[in-house]
1. In segment 83-97, how many are of a type in the set (A, V, I, L, M, F, W, C), without any contact (Cβ under 8 Å) to a residue 60 or more places away in the chain and part of a helix (DSSP H, G or I)?
2. Can you find, within segment 137-152, the residue that is farthest from the chain's Cα centre (by Cα) among those that are surrounded by fewer than 17 Cβ atoms within 10 Å (Cβ to Cβ) and of a type in the set (F, W, Y)?
3. Considering each of V22, V57, V13, V71 in turn, give the residue that is more than 24 Å from A153 (Cβ to Cβ) and among the β-branched types (V, I, T).
4. Could you list, in sequence order, all residues of segment 99-124 that are in contact (Cβ under 8 Å) with a residue 40 or more places away in the chain, within 17 Å of F28 (Cα to Cα) and among the aromatic types (F, W, Y)?
5. Can you run down the residue pairs with Cβ atoms below 6 Å, 6 or more apart or on separate chains, where the first is in segment 125-143 and within 11 Å of F111 (Cα to Cα) and the partner is in a helix (DSSP H, G or I) and modelled with pLDDT of 95 or more?
6. Would you be able to tell me the number of residues in segment 55-82 that are within 15 Å of F105 (Cβ to Cβ) and outside any loop (DSSP other than H, G, I, E, B)?
7. Given the structure, is F91 closer than 22 Å to L11 by Cβ, of a type outside the set (A, V, I, L, M) and surrounded by 12 or more Cβ atoms within 10 Å (Cβ to Cβ)?
8. Scan segment 116-136 residue by residue and report those that are more than 23 Å from the chain's Cα centre (by Cα) and surrounded by 16 or more Cβ atoms within 10 Å (Cβ to Cβ).
Amino acid sequence: MKYLNIILIGLFVAFAAITRLVPHPPNFTPILSIAIFCGLIFKNKYSFYIPLFAMFVSDMWLGFHNVLFFVYLAFLLIFLIALQFNKSINFKNITSISLSSSIVFFAVSNFGVWLIGYPKSFQGLYSCYMAAIPFFHNTIISTLIFSYAFLYAYKYLANYNSVLFRKS
């Protein structure tokens, strides 16, 4: 499993950074799913840095922005949610975690947008979240798709790894 984890870390970082740099629909990237799987698969609190490193690498090209703290905070919360489920990686839990993670990301990142760029009133907060709704469906869809893909890829690789390195 150790080799599988090292390979997965490298693939996660490269895949996340590349998919943020190539043209894509807004908020349609695997980065939330990667934060989820870092909490599910790797039993180490430092694995939280994997999606952050991928974000940082791609942000060097895309540019850093004022809401970065809130985006990274959302990833920390998503990672912590996934840690609670790391003993049971199945379709039902992946669906629940993906949906809740999309909501957490939407709520936290757009709260940061409101603080930085909208009037500090209930109307400003409402306007900020309403303006973000068109992007929310891409977050949900991409997180579900990539999380299911990672789930099945991980189960396949774990099974393949156990067969490949089984002691005779």
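The values are calculated or read from the model by the stated rules, or taken from the named source; none is laboratory data. Computed from a predicted structure; not experimentally measured. Methodologically, a virtual Cβ is constructed for each residue, glycine included, from the backbone with ideal geometry; neighbour enumeration extends over all protein chains shown.
1. Counting residues in segment 83-97 that are of a type in the set (A, V, I, L, M, F, W, C), without any contact (Cβ under 8 Å) to a residue 60 or more places away in the chain and part of a helix (DSSP H, G or I) gives 2.
2. The qualifying residue farthest from the chain's Cα centre (by Cα) is Y152.
3. V71
4. Across segment 99-124, the qualifying residue is only F105.
5. L125/W114; C128/N110; C128/V113; C128/W114; Y129/N110; A132/N110
6. Residues flagged as within 15 Å of F105 (Cβ to Cβ) and outside any loop (DSSP other than H, G, I, E, B) within segment 55-82 amount to 16.
7. No.
8. Residues satisfying the conditions are Y118, L125.
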